[in-house]
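Worksheet: the structure to be examined is printed underneath.
The values are calculated or read from the model by the stated rules, or taken from the named source; none is laboratory data. Keep in mind that what you see is a predicted model, and the values were worked out from it rather than measured. Please note: Cβ atoms are built from the backbone with ideal geometry, for glycine as well, and neighbour counts cover all protein chains shown. Each accessible area value is taken on the protein alone, full model and side chains, heavy atoms only, with ligands, DNA and RNA left out. Shrake-Rupley method; radii C 1.70, N 1.55, O 1.52, S 1.80 Å.
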Amino acid sequence: MNNNDIYWNHILETLPYERLRQLQLKKFRRIVDWAYNNSPFYKKLYRDSGFEPGDLKKFEDIQKIPKTDKGMLRDVQKRPPFPYGDILSVPIEDVTTFRQTSGTTGTPVYQADTWQDWEWWSECWSYILYAQGYRDTDRVFIPFGYNIFVAFWAGHYAAEKIGCEVVPGGVLNTEARILKMQELKCTAFMATPTYVLALAETATKMGIDPIKDLFIRRITCAGEPGASIPATKKRIEDAWGCKVYDHIGATEIGAWSYECTSQPGGLHVNDVFFLVEIEDIETGKIVDEPGKNGKMIITAFDRLGKPCIRFDSKDVIRWADYTCECGRTFRMIDGGVIGRADDITKVKGVLLAPTAIEEVVRSFPELGDEYEVVVSKAGDVDDILLKIEMSSWHAEKKDLILARLQDQLRLKTNLGYRIEVRPLGSLPRYQVKAHRFKDLRKKEGSH
Amino acid sequence: MNDRFDVKELSRTIGDLRANAERLLKAGGEMEAIKRNVTKILANIRMLELNISDVADITNS
């Protein structure tokens, strides 16, 4: 292996823009044709809209093709073949892997993958890990209980594919995982940003300094936007003394975006495996200019068992106005996933993205890693309660810290907060998807 | 940098691999040990096609 080569596939990763667009159109046509001819769901969707695959002649035609969304994926599961429904594009006997979404936003979506699809998942992750510096000299620890969710399965197999030695830390508790990482001198690990911070906190409590007593050189985060939130990234890097990389993926899509070692502030889109479009949330028009937020519409070109074509992911992203010094020609999104279209909510008449609160809270070194936001109604008025953790060491400066926090929150979000200070370690810790933002207004309104 | 490899030649070699694997499947596919292992081989060949063959016929315009 040529460890000096920074690319997994230098041909595709440095493909000039025009050729990249040609390749994307070719692959888009191929997956649409496949879905139309093999999935009753897609055939009906396209026929009902008056679209035939032959209508797809130029890149701009892509925008005429109907979108799909999670609601449609849930509905289709009510039809045979069990349990996927007629979106399935291969004989059920060819399905070798079941995964499901976490169900955070409703009924879980079931994902069917063939053996080839699963190899494709690993391939997507190989692009990610190689770009983040993983090599066959790494011993990679995965402190996560693999299960029906897709999380870290593909990371495991991609690390193996690259030649890393993979240590699955599934059933161990946090303390045992830290000891195993220390014993085996593991050099890298993958986890949610929340759990990366929790591991450092636990290690410190055990008398183990993550920087001096462990051997971690790189961490890959997934599952939450934290590793792209500068304050959270800094907090993790300070705790572990190494680089922390973000990646973005989803069960029904694939692993479509990643940071490389250059870390210019954004993530590369894997343009040869996915087509990412950004749609203006209000007008529905496709956004090509940098810096403008919109929701992502995504296509996975090569996933055949259950195709993902023009899927409205509800992830809010924006194109970057910079390129990366790494030389990859893959387009960049600035700052990762900024939020979710269905998470950005109006509070007191102001649009609020929960990630903005995290950016402020995590920028205060005096505060603990965890926080919680509860939005409720006090009469007719919205109320925001922000629960934070603070060490008793800062008791004397508490009022000053809280005043600064209020100022920064107002500056960043245009909103005022009631703040509740809790002792360090008292708020819930999460291993997978953190639920720090609780909007009780919907529940109250439903009674 | 792309000059380091002849993409069309690589693509032809990958095509030969696929043809060989499919020939093996046709000849011995009734045996599970051959069928399942060739299926895995074909999945890996597909990854080579995605990495190399797909771009072989994409030209500068």
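General observations
- Beta carbons closer than 8 Å, at least 6 apart along the sequence or on distinct chains, pair a first residue in the range B:13-24 that is assigned to a helix (DSSP H, G or I) with a second that is acidic (D, E) for B:I14/B:E49; B:R18/B:E49.
- Elements of type strands (runs of 3 or more DSSP E) contained in the range A:321-370, each with 2 or more residues being open to solvent by 30 Å² or more (accessible area, probe 1.4 Å): A:350-352
- Selection within the range A:405-435 - part of a helix (DSSP H, G or I) and surrounded by 14 or more Cβ atoms within 10 Å (Cβ to Cβ): A:L405, A:Q406, A:Q408, A:L409, A:K412, A:T413
- Residue match in the range A:20-41 (condition: within 14 Å of another protein chain (Cβ to nearest Cβ), closer than 23 Å to A:M296 by Cα and of a type in the set (D, E)): no
- Near pairs, Cβ below 7 angstrom, 6+ apart or cross-chain, from the range B:34-59 (facing chain A (nearest Cβ under 9 Å) and under 19 Å from A:W121 (Cβ atoms)) to any residue that is part of a helix (DSSP H, G or I) and open to solvent by 70 Å² or more (accessible area, probe 1.4 Å): B:T39/A:W115; B:K40/A:W115; B:A43/A:W115
- Any chance A:D315 is within 21 Å of A:G226 (Cα to Cα) and open to solvent by 10 Å² or more (accessible area, probe 1.4 Å): yes
- In the range A:371-382, residue surrounded by the fewest Cβ atoms within 10 Å (Cβ to Cβ) [restricted to those that are at pLDDT 90 or above and not β-branched (V, I, T)]: A:S376
- Flag for A:L12 being closer than 30 Å to A:H268 by Cβ, in contact (Cβ under 8 Å) with a residue 40 or more places away in the chain and not in a loop (DSSP other than H, G, I, E, B): yes
- For the range A:50-95, a residue qualifies if it is in contact (Cβ under 8 Å) with a residue 12 or more places away in the chain and open to solvent by less than 20 Å² (accessible area, probe 1.4 Å), and the qualifying residues are A:F51, A:L56, A:I62, A:I65, A:T68, A:L73, A:V76, A:Y84, A:G85, A:I87, A:L88, A:S89.
- Residues located in the range A:274-316, provided they are in a loop (DSSP other than H, G, I, E, B) and closer than 27 Å to A:W34 by Cα: A:G284, A:K285, A:F301, A:D302, A:R303, A:L304, A:G305, A:K306, A:P307, A:C308, A:I309, A:R310
- Contacts under 8 angstrom Cβ, first residue in the range A:134-157 being more than 16 Å from A:I219 (Cα to Cα), partner assigned to a loop (DSSP other than H, G, I, E, B) and not hydroxyl-bearing (S, T, Y), 6 or more apart: A:G145/A:G170; A:G145/A:V171; A:G145/A:Q431; A:Y146/A:F152; A:Y146/A:G170; A:F149/A:V432
- Residues in the range A:218-262 that are among the polar types (S, T, N, Q) and either at positive phi or open to solvent by less than 10 Å² (accessible area, probe 1.4 Å) (or both): A:T220, A:T232, A:S257.
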